[in-house]
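Only one structure is covered here, and it is reproduced in the block below.
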Amino acid sequence: MAEFNTKISNEVTTCLSEINASFTAELGRINTELNNKLTAEIEIFKARNTGYTTEAQKILGRLNNIEEACHNDFGSIRSLVESITFRFMSINVVIKDLQNKINQHYAVVQRPDFDQQSVSNESEANSTNESETNS
């Protein structure tokens, strides 16, 4: 019976060793396959990420160009507004000067001691006297 127990024990040990070796080999193969697949996926991800990064940098570059162009346009607009404002101020000065001259003219014409009829009569009298003197 001891022989029988040893024989069974040896067969069980051999069977367990074969199962263990088979299991270990299968786990190693699965592990290698998964590592290869993961490595491939990581490389694909890196390539996509690089593409996205490059695209994002292009977009940021375009946005910076747009921002700079807008800044330059606003600077031009500001200069134009300042120029127009200066011109309007100059025109305003001329208009005020003309208004002052018109007001002075009407102030003279509307003075109580200014008699337009007298001026007309004097002018006619002078013309008549000159014609009589010339005749």
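So here's what we get for this one:
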quantity	calculated
Residue satisfying condition, being of a type outside the set (S, T, N, Q), part of a helix (DSSP H, G or I) and modelled with pLDDT of 90 or more, within set ILE8, ILE44, ILE30	ILE30
Pair list, Cβ under 7 Å, 6 or more apart: the range 94-111 residue not small (Gly, Ala, Ser), other residue not in a helix (DSSP H, G or I)	VAL108/PHE114
Qualifying positions in the range 2-48 - surrounded by fewer than 10 Cβ atoms within 10 Å (Cβ to Cβ) and aromatic (Phe, Trp, Tyr)	PHE4
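The values are calculated or read from the model by the stated rules, or taken from the named source; none is laboratory data. Nothing here was measured: the structure is a model prediction, and the numbers come from that model. Positions of Cβ are backbone-derived with ideal geometry, glycine not excepted, and every protein chain shown enters the neighbour counts.
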